[in-house]
Every structure is written in structure tokens, then in C-alpha cells.
1. Confirm whether residue 164 is of a type in the set (A, V, I, L, M) and under 18 Å from residue 71 (Cα atoms).
2. Out of the stretch 103-134, which residues are in a helix (DSSP H, G or I) and not hydrophobic (A, V, I, L, M, F, W, C)?
3. Restricting attention to strands (runs of 3 or more DSSP E) lying wholly within the stretch 135-221, give those where 2 or more residues are surrounded by fewer than 18 Cβ atoms within 10 Å (Cβ to Cβ).
4. How many residues does the stretch 48-67 contain that are more than 22 Å from residue 92 (Cβ to Cβ) and either among the hydroxyl-bearing types (Ser, Thr, Tyr) or assigned to a loop (DSSP other than H, G, I, E, B) (or both)?
5. Could you give every pair whose Cβ atoms fall below 8 Å, whose first residue belongs to the stretch 89-100 and is free of Cβ contacts under 8 Å to residues at least 12 places away in the same chain and over 12 Å from residue 79 (Cα atoms), and whose second residue is part of a helix (DSSP H, G or I) and of a type outside the set (A, V, I, L, M), counting only separations of at least 6 or pairs across chains?
6. Across the stretch 68-102, which residue is surrounded by the most Cβ atoms within 10 Å (Cβ to Cβ) among those that are part of a helix (DSSP H, G or I) and among the aliphatic types (A, V, I, L, M)?
7. Considering only residues that are of a type outside the set (S, T, N, Q) and within 19 Å of residue 166 (Cα to Cα), look in the stretch 103-126 and name the one that is surrounded by the fewest Cβ atoms within 10 Å (Cβ to Cβ).
Amino acid sequence: MKDIISTLKVLEVIGIREIYLEKREEVSLAKTNTKEESLKKLFDSYRDCTKCALHKSRTQVVFGDGNPNSPIVFVGEAPGEEEDKQGKPFVGRAGQYLNRKIEEVLGLKREDVYITNVCKCRPPENRKPLPQEMGSCFPYLRRELEIVKPKVICCLGSTAVEGILGKKVSVTKVRGKITTYPYDTKIKVLITYHPAFILRNPKADPQFVEDLKKLKSLAGL
């Protein structure tokens with residue numbers, strides 16, 4: 001305050017008796033979207049997607065589900081019959097198995113992790129998605145992962161690996177392997193079986209548990 005008074009006195013001495021102050025506009029910072037808000041905007045943008053033929057037979061687009069702040073994202077193949085009906089990924093028998101293992105091995109509940117699929121619409125008769133169908137969905141999946149930004153992506157089955165890494169693999173040969181996500185090398189990728197495979201091949205359950213233990217360590221849980 002003293003500095004201001006001194007300055008005014010100096011101005012008065014040199015003949016300046018009036019000064020005009022420019023009004024300063026208040027700058028309001030735009031509110032940063034939360035992950036939930038960003039995901040909702042993303043989902044709303046492709047709720048009526050018609051980029052591939054799967055839109056003709058689907059009941060609805062099946063979005064990702066769970067905690068977007070989770071360090072873990074599980075990525076599967078595509079919605080099945082129950083998922084297509086309920087609009088949530090992994091709610092059938094394979095999903096129930098996955099839920100049990102998340103609790104038993106990771107010590108978490110389903111709602112604590114984030115779960116999504118490479119394809120967001122159900123292929124007829126639950127067939128494997130075609131390359132064009134996977135390609136149509138990939139921009140959505142990539143943006144979804146950019147928003148969630150997990151520590152680890154767990155690929156459930158060969159289609160998930162193909163969608164995430166862009167190459168075909170035999171999961172029985174590479175399960176348990178750890179690599180990096182091509183679009184963000186800070187994110188680890190763990191390859192394991194799809195739960196549906198384990199339901200058909202129960203002897204693979206111990207290997208799946210072993211992989212989930214690796215996942216737990218990678219996620220820092």
C-alpha cells in the first residue's frame with residue numbers, strides 16, 4: 001500500500017492527476033472432465049454405431065464396465081448372448097468365473113477393476129469377430145484405454161491379443177508373457193486364457209491363477 005501511495009505522489013508531482021485502470025476480466029478455468037465423464041462422452045458418441053455389419057443383429061452396443069480408476073483393465077473378445085441382452089461385458093458363465101478369480105486371486109471385486117472387449121457388438125452365433133469388425137471398433141477401444149490409462153492390460157484370449165497388439169498368436173504358446181502396449185509403452189500387457197476356454201478345459205485353471213498372480217504384482221496390488 002505504501003508503494004502505491006508513493007507512486008501516486010510522484011505522478012502528482014509530474015502533473016498526472018488522474019489515472020484510468022483497465023478492468024481485468026476474470027478468467028475461469030474449464031472444469032477438467034473426470035474419467036467417468038470422458039467415458040460417458042465416448043460411449044454416447046458410438047451408441048448408434050453402424051461402421052460394420054454387426055449393428056444389424058445386435059440388441060445394443062456393450063460398453064466397458066467397472067472402475068475407470070483401476071490399475072487393471074481386462075480385455076476380452078466380444079459380447080455374448082447375455083452381454084448383448086444386459087449391455088455389460090462378461091456377465092455370462094465366463095464372466096462369473098472371472099469374477100470369482102478376481103476375488104480369490106486379486107482380492108478385489110468385479111466393480112474394482114475395469115472390463116471391456118475388443119468388439120462392442122455381439123457377432124452372430126458368438127463367432128470370432130472378423131478383422132474388419134475389429135478394425136471398426138479399435139478407435140473406440142484405443143480411446144477407452146487412453147482415458148482409463150491402466151498400469152496393466154490383461155488380454156483374455158487370442159482375439160484380445162490381436163486387437164491390442166495387432167498380431168495373431170496362439171495363446172497356449174504365449175500365455176503368461178508380458179509385453180508393452182504399442183500406443184503407450186508405459187502400460188504393460190499380460191496375455192492369458194479367455195475364461196470361456198478354461199470352462200471348456202478346467203485343467204488350465206492353475207495356469208490362469210498363476211497369470212493373475214503376475215497381474216497382481218504388475219499392478220502393484
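Just so it is clear, none of the values below were taken in a lab; they were calculated from the coordinates. Being a predicted model, the structure only gives us computed values, none of them experimental. Note that we place each Cβ from the backbone using ideal geometry, even for glycine, and neighbour counts take in every protein chain shown.
1. On the way: of a type in the set (A, V, I, L, M): yes; under 18 Å from residue 71 (Cα atoms): yes.
Judged against the criteria, residue 164 is a match.
2. Residues of the stretch 103-134 in a helix (DSSP H, G or I): 103-106, 110-112, 124-126, 131-134.
The answer is 103, 104, 110, 111, 112, 124, 125, 126, 131, 132, 133.
3. Output list reads 178-181, 184-192.
4. Going through the stretch 48-67 one residue at a time, the tally reaches 5.
5. If the second residue must be part of a helix (DSSP H, G or I) and of a type outside the set (A, V, I, L, M), the pairs left are 99/110.
6. Among them, the one singled out is 98.
7. Of all residues in the stretch 103-126, those of a type outside the set (S, T, N, Q) come to 103-115, 118-125.
Filter once more, so that each one left must be within 19 Å of residue 166 (Cα to Cα): 118-120.
Numbers: 118: 24, 119: 26, 120: 29.
So the residue we want is 118.
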